[in-house]
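Since the structure comes first, as structure tokens, the remarks are kept for the end.
Coordinate-derived values only; no laboratory data. As the structure is a prediction and not an experimental result, all values here were calculated from the model. As a convention, Cβ positions derive from the backbone with ideal geometry for all residues, glycine included, and neighbour counts pool all protein chains shown.
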Amino acid sequence: MNKFIFLLLCAVLFILPVSCNNIFAPELGDTGKQGMLYHPVMTHPSQVLTNFRYAYIYRDSLVYSMIIDSNFVFVYYEPDDEGGGGHYESWPRDVELRATGGLFRAFRPIDLIWNTTLDSSFSYIEDDIILKTEKAWFDSANYSEMVKSFQLNLGDNLVIIGSAIFNFIKNPWDGQWRIVRWRDESSF
């Protein structure tokens, strides 16, 4: 009997470490720059847009809130149905977060495809005065503008195609870039 208990105890001790392994979990390790789903530290505006896409695809409102600056403004064109004209409307960060949270809850699946960067510039701004602007200049910039074309697939039947003009600002305290203004130029 003692030999049976000893063998049973050895088998349990052998199987226990193996059974704690979740075969469905991703392996631990460094995924490298190419394997990152999102960037926890946003040292370049392109990383902010990677996080933007991640937040939309995975409907992650926490990641989305981290890419939006506290002074954020969303600007869009509101067409006038009767007169054929229209005007621009805008809303602040808190409305943007509520609207995007509603979008995340309303549509499954969501897919965002960044197509082309149509234009980009980097500037250094101090006291609301632009001191230096150059194309593709980055090292000491604290403000950037980027125009991206995109395709947003909401659910199975709604596709929005257009471009967006993003203005980024580099936070002087944590050195991270965030979106301070988004002007939507999409069409249905």
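Here are the numbers:
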| quantity | calculated |
| --- | --- |
| GluC sites (Glu not before Pro) restricted to DSSP loop in the stretch 49-98 with at most 10 other C-beta within 10 Å | Glu82 |
| Separation of the Asp60 and Tyr77 label points, Cα + 7 Å toward Cβ, nm | 3.3 nm |
| Selection of trypsin sites (Lys or Arg not before Pro), the stretch 144-188, meeting DSSP coil and at most 13 other Cβ within 10 Å | none |
| For Ile161, Ile5, order by how many other beta-carbon atoms lie within 10 Å, fewest first | Ile5, Ile161 |
